[in-house]
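The values are calculated or read from the model by the stated rules, or taken from the named source; none is laboratory data. As the structure is a computational prediction, the values presented were derived from the model and not from experiment. Cβ placement follows ideal geometry from the backbone for every residue including glycine, while neighbour counts extend to all protein chains displayed. Keep in mind that these areas ignore ligands, DNA and RNA; they rest on the heavy atoms of the full protein, side chains included. Shrake-Rupley method; radii C 1.70, N 1.55, O 1.52, S 1.80 Å.
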Amino acid sequence: MYVMTPATAPLPASAPAPVWTRRAAHAIALCAVPSGLWRIAMASGVYVGYSDQVLRDVFDIPGWGIAYVVGLSVLTELAALFPLLLVSDRWRPLHPRVLAPLAWAASGVLVLVALWQLVVAFAVESQTYMSSGTAQTVWGFAFAPLFAIPALMTAVTWSYARRHRARGRA
């Protein structure tokens, strides 16, 4: 005889994610693309505003810096795909009690990273190494979409938590 316990009981279905939440989750993934392409261009030898000496001395390109820069681009895009888990109705690798706190932690970290990137952008990176105003402008356009990610991630996380909190009450 099979006895169903709270640990083995299937999770009740939650309300589907609203359309705006799905769009925000997809937008997060798209926001990471321009900076990733910029980094890959830099690793490929395309001129992005850094002199050959800066590429060698600071970024170790050519060398191990290529693996670092391309790896960072891949890692960034994979992380940007995480919010799609919060809007998926089909695939749930983690229980909502685990996924919701993880998503809130990710949102907080993203806010801190965005603030840090502002400091780096205006204090160090664009002021020290870039060789021209045009390169700085291109760099700014490539990295600007990343600053939308913390707000979008917080909105997606809030929606996820709200939907699953309501499911827990039902």
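Within the stretch 77-92, is even one residue of a type in the set (Asp, Glu), in contact with a Gly (Cβ under 7 Å, 6 or more places away or on another chain), assigned to a helix (DSSP H, G or I) and modelled with pLDDT of 85 or more?
yes
Would you check which residues across the stretch 54-66 are open to solvent by 50 Å² or more (accessible area, probe 1.4 Å), more than 11 Å from Arg39 (Cα to Cα) and assigned to a helix (DSSP H, G or I) and list them?
Once the filter is applied, which keeps residues that are open to solvent by 50 Å² or more (accessible area, probe 1.4 Å), more than 11 Å from Arg39 (Cα to Cα) and assigned to a helix (DSSP H, G or I), the stretch 54-66 yields Arg56, Asp57, Trp64.
May I ask you to list pairs of residues, at least six apart or on different chains, whose Cβ atoms are under 6 Å apart, with the first in the stretch 25-49 being farther than 17 Å from Ile149 by Cα and the second being in a helix (DSSP H, G or I) and not aliphatic (A, V, I, L, M)?
Arg39/Ser73; Ile40/Ser73
Quick test of your reading of the structure: Pro16 fulfils all but one of (1) surrounded by 17 or more Cβ atoms within 10 Å (Cβ to Cβ); (2) not in a helix (DSSP H, G or I). Name the failing condition by number.
(1) is the only condition that Pro16 fails.
Out of the residues in the stretch 23-46 that are over 16 Å from Trp139 (Cβ atoms) and within 15 Å of the chain's Cα centre (by Cα), state the one that is surrounded by the most Cβ atoms within 10 Å (Cβ to Cβ).
Checking each candidate, the answer is Ile28.
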